[in-house]
Amino acid sequence: MKNLLVNAASLPNIPWEERPKNSDPAKELMWRYSKNPVIPRNLTRYSNSIFNSAVVPFKDGFAGVFRCDDTARRMNIHAGKSKDGLNWIIKDDPIQFVKTDPDLPDSEYKYDPRVVFIEDRWYVIWCNGYHGPCIGLAYTFDFETFHQMENPTLVYNRNGALFPRKINGKYAMLSRPSDSGHTPFGDIFYSESPDFVYWGKHRHVMSRSSVSGWQSTKIGAGPCPIETSEGWLLFYHGVLTSCNGFVYSFGGALLDLEKPWKVIARSCPYIINPRELYELAGDVPNVAFPCAALTDKDTGRIAIYYGCADTVTGLVFGQVDEIVDWIKKNSL
Ligand code: BMA
């Protein structure tokens with residue numbers, strides 16, 4: 001194994017299963033957890049569904065921020081903790097954010113969180129309802145108290161993902177400008193900020209593709225980018241419009257370390273597409289939507305949490321060096 005991870009931590013307790021004997025590496029770059037879905041739809045008292053959620057290592061276990069739609073079909077985000085990353089205790093009630101400024105507007109809804117550690121704390125970034133979907137931001141030290149910050153973008157925008165460190169002295173973010181509905185278009189953009197409040201120097205990163213069907217309608221960043229010696233490893237979802245509506249799969253890209261709006265390679269085939277029953281059937285059929293990735297620097301293992309059919313949460317495993325090689329070899 002080549003160790004490509006940079007600035008990564010050891011995570012000996014990363015959730016993990018070896019590649020099953022019947023899984024052919026030529027056909028399947030990453031393999032699913034045998035007990036998927038790892039998080040059922042009804043884990044909390046009021047949840048209709050738990051999906052598109054963010055998990056990180058925390059103390060000697062794991063913590064996360066989970067998208068839980070309730071049985072009134074209201075979208076919100078909840079804190080959770082786990083010893084092993086597999087069995088979760090998620091709070092029944094949504095996170096009650098403490099505002100960093102009393103003038104900060106309330107959120108109408110929150111969904112699709114990503115979480116990343118930067119410098120001294122955890123940042124949560126999500127799709128925030130403020131006269132339509134925009135990007136919301138908060139920080140926490142303990143996954144108990146969350147401090148809501150200014151919205152990094154105006155409406156309409158979704159799929160915000162922060163880089164885990166400053167790039168050229170600035171905090172950095174990917175986002176996906178959209179519309180107020182089920183957006184039929186969408187490219188990934190890069191923005192930077194000196195202070196998490198003012199964002200600018202916007203750069204286009206990548207568009208939907210006319211030659212790769214699974215990403216031909218729109219694309220959006222998945223988990224916060226992972227630093228490797230070969231570039232930022234970005235898992236991203238792509239959408240195909242079929243005669244039965246949108247189909248969400250995910251692939252991977254490598255972005256330049258210093259100028260992340262420059263794409264080094266980007267997978268033509270998908271890595272994971274909806275094909276298991278829990279990905280094909282649910283509140284929104286045919287969705288595999290990644291929001292979090294755990295890595296272990298010692299083994300190069302990676303575990304990705306992804307929303308399945310907007311209903312439950314799944315887990316897939318892989319090796320970072322194999323994934324990086326495969327993206328380069330199968331680049332658009
Ligand atoms: C997107 C978001 C995601 C969702 C997907 C499929 O627009 O709302 O949360 O998983 O649609 O419904």
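The values are calculated or read from the model by the stated rules, or taken from the named source; none is laboratory data. Bear in mind the structure is a predicted one, so any value in this text is a computation, not a measurement. Glycine also receives a Cβ, built like all others from the backbone with ideal geometry; neighbour counts cover every protein chain displayed. SASA here: full protein model, heavy atoms, side chains in, ligands and nucleic acids out. Shrake-Rupley method; radii C 1.70, N 1.55, O 1.52, S 1.80 Å.
Here is a list: 193, 209. Which entry is touching a helix residue (DSSP H, G or I) at 6+ places or on another chain (Cβ under 6 Å) and either at pLDDT 95 or above or farther than 21 Å from residue 256 by Cα (or both)? Let's see the steps before the verdict.
Values: 193 fails: touching a helix residue (DSSP H, G or I) at 6+ places or on another chain (Cβ under 6 Å).
Just one listed residue meets the conditions, 209.
Pairs meeting the criteria (first residue in the range 105-123 and more than 16 Å from the ligand (Cβ to nearest atom), second residue assigned to a loop (DSSP other than H, G, I, E, B) and hydrophobic (A, V, I, L, M, F, W, C), beta carbons under 6 Å, at least 6 apart or on different chains) are 116/224; 121/141.
Within the range 270-285, how many residues turn out to be out of contact with any helix residue (DSSP H, G or I) (no Cβ under 6 Å at 6 or more places or on another chain) and open to solvent by less than 50 Å² (accessible area, probe 1.4 Å)?
Quick first cut of the range 270-285, residues out of contact with any helix residue (DSSP H, G or I) (no Cβ under 6 Å at 6 or more places or on another chain) only: 271-273, 275-285.
Filter once more, keeping what is open to solvent by less than 50 Å² (accessible area, probe 1.4 Å): 271-273, 278-279, 282.
Counting residues in the range 270-285 that are out of contact with any helix residue (DSSP H, G or I) (no Cβ under 6 Å at 6 or more places or on another chain) and open to solvent by less than 50 Å² (accessible area, probe 1.4 Å) gives 6.
Could you go through the range 78-97 and let me know if any residue there is modelled with pLDDT of 95 or more, closer than 20 Å to residue 237 by Cα and within 16 Å of the ligand (Cβ to nearest atom). There is no residue in the range 78-97 that is modelled with pLDDT of 95 or more, closer than 20 Å to residue 237 by Cα and within 16 Å of the ligand (Cβ to nearest atom).
Would you call residue 106 more than 23 Å from residue 248 (Cα to Cα), in a loop (DSSP other than H, G, I, E, B) and touching a Ser or Thr at 6+ places or on another chain (Cβ under 6 Å)? No, not satisfied. The single condition among (1) in contact (Cβ under 8 Å) with a residue 40 or more places away in the chain; (2) closer than 18 Å to residue 208 by Cα; (3) under 18 Å from the mean Cα position of the chain (by Cα); (4) open to solvent by less than 30 Å² (accessible area, probe 1.4 Å) that residue 304 does not satisfy is (2). Annotation note: Cβ proximity below 6 Å between a residue of the range 139-162 that is more than 22 Å from residue 221 (Cα to Cα) and a residue that is buried (at least 17 other Cβ atoms within 10 Å of the Cβ) and among the β-branched types (Val, Ile, Thr) (sequence gap 6+ or interchain) occurs for 146/95; 146/140.
The residues of the range 154-185 that are crowded, with 21+ Cβ neighbours inside 10 Å, within 16 Å of the ligand (Cβ to nearest atom) and not in a strand (DSSP E or B) amount to a single one, 178.
Go through the range 16-26 residue by residue and tally those that are open to solvent by 60 Å² or more (accessible area, probe 1.4 Å) and either more than 23 Å from residue 87 (Cβ to Cβ) or not charged (D, E, K, R) (or both).
Step one: filter the range 16-26 for residues open to solvent by 60 Å² or more (accessible area, probe 1.4 Å), giving 18, 21-22, 24-26.
Now restrict to residues that are either more than 23 Å from residue 87 (Cβ to Cβ) or not charged (D, E, K, R) (or both): 21-22, 24-26.
Residues flagged as open to solvent by 60 Å² or more (accessible area, probe 1.4 Å) and either more than 23 Å from residue 87 (Cβ to Cβ) or not charged (D, E, K, R) (or both) within the range 16-26 amount to 5.
Does residue 192 satisfy being more than 21 Å from residue 292 (Cβ to Cβ) and in contact (Cβ under 8 Å) with a residue 24 or more places away in the chain? Yes; evaluated as a whole, the condition is true for this residue. Checked against (1) part of a loop (DSSP other than H, G, I, E, B); (2) open to solvent by less than 40 Å² (accessible area, probe 1.4 Å), residue 211 passes all but condition (2).
The residues of the range 91-126 that are among the aliphatic types (A, V, I, L, M), out of contact with any His (no Cβ under 8 Å at 6 or more places or on another chain) and over 14 Å from residue 64 (Cβ atoms), listed by number, are 104, 118. Apart from one condition, residue 320 fits all of (1) buried (at least 24 other Cβ atoms within 10 Å of the Cβ); (2) of a type in the set (A, V, I, L, M, F, W, C); (3) more than 25 Å from residue 56 (Cα to Cα); the exception is (3).
If you check 265, 309, 288, 292, which single one turns out to be more than 16 Å from the ligand (Cβ to nearest atom) and either within 30 Å of residue 61 (Cβ to Cβ) or touching a Ser or Thr at 6+ places or on another chain (Cβ under 7 Å) (or both)? Give the steps one after another, and end with the answer.
Working: 309 fails: more than 16 Å from the ligand (Cβ to nearest atom); 288 fails: more than 16 Å from the ligand (Cβ to nearest atom); 292 fails: more than 16 Å from the ligand (Cβ to nearest atom).
Result of the check over 265, 309, 288, 292: 265.
Confirm whether residue 243 is open to solvent by 10 Å² or more (accessible area, probe 1.4 Å), away from the ligand (no atom under 16 Å from the Cβ), under 19 Å from the mean Cα position of the chain (by Cα) and on the phi < 0 side of the Ramachandran plot.
Values: open to solvent by 10 Å² or more (accessible area, probe 1.4 Å): yes; away from the ligand (no atom under 16 Å from the Cβ): yes; under 19 Å from the mean Cα position of the chain (by Cα): no; on the phi < 0 side of the Ramachandran plot: yes.
No: the conditions fail for residue 243.
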